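For reference, the structure is listed below as structure tokens.
The values are calculated or read from the model by the stated rules, or taken from the named source; none is laboratory data. Since the model is a prediction, treat every value here as computed from it, not as a measurement. Positions of Cβ are generated from backbone atoms using ideal geometry, with glycine treated the same way; all protein chains shown enter the neighbour counts.
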Amino acid sequence: MESQKKMIVVFGLVAAVFLQCVAVETSHVVGDSVGWTIPQNGAQEYVTWASDKKFVVGDVLVFSFATGTHDVVEVPKASFDSCSSTNPIGSTITTGPTNITLTSSGEHYYICTFGLHCESGQKLAITVSASASPSAPSLSTNPDDTY
Ligand SMILES: *[C@@H]1O[C@H](CO)[C@@H](O)[C@H](O)[C@H]1NC(C)=O
Ligand SMILES: [Cu+2]
């Protein structure tokens, strides 16, 4: 009897995890347990973090930081590269933790404007795709398809 109950609990957990995976929106905790901070390993930290993730319009980025220790602002690529906050896209978010919903596809760049945090590696670049279904049929431009 007891083991049957355990089986049901385990099955329920598996189902819950599965449902989370197929849910339309995904939230991504930036840096996972590291959070949004000056990473020990420099900028490579967030490059590595983003590299195995798929970002889709509607997904949420969770920037985990304590208010007053960091902030987050989206910037154009040039500003990301130079760690400049003079051309922000939207307003700088100073209250943490904060959730940012990805509303458009393409490249998105985020930096912290505190001191030399960005220069020290607190910067995130991601590529957001438009659709959650990568296998969506597309119009073929292959000339071999013309009969
Ligand atoms: C931010 O997202 C997380 C994870 O989805 C959620 O638990 C939390 O309630 C959200 N916070 C706000 C302020 O929306
Ligand atoms: Cu910072």
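For the reader, a short list of remarks on this structure follows.
Residues checked against (1) over 14 Å from Cys118 (Cα atoms); (2) in a helix (DSSP H, G or I); (3) within 16 Å of ligand 2 (Cβ to nearest atom); (4) modelled with pLDDT of 85 or more:
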{"residue": "Gln4", "(1), (2), (3), (4)": "yes, yes, no, no"}
{"residue": "Ile8", "(1), (2), (3), (4)": "yes, yes, no, no"}
{"residue": "Cys21", "(1), (2), (3), (4)": "yes, yes, no, no"}
{"residue": "His28", "(1), (2), (3), (4)": "yes, no, no, yes"}
{"residue": "Ser33", "(1), (2), (3), (4)": "yes, yes, no, yes"}
{"residue": "Ile38", "(1), (2), (3), (4)": "no, no, yes, yes"}
{"residue": "Gly58", "(1), (2), (3), (4)": "yes, no, no, yes"}
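- The residue that is surrounded by the fewest Cβ atoms within 10 Å (Cβ to Cβ), among those in region 61-90 that are within 16 Å of ligand 1 (Cβ to nearest atom) and not in a loop (DSSP other than H, G, I, E, B), is Thr67.
- Residues of region 91-123 that turn out to be surrounded by 14 or more Cβ atoms within 10 Å (Cβ to Cβ), assigned to a loop (DSSP other than H, G, I, E, B) and more than 15 Å from ligand 2 (Cβ to nearest atom), as a count: 2
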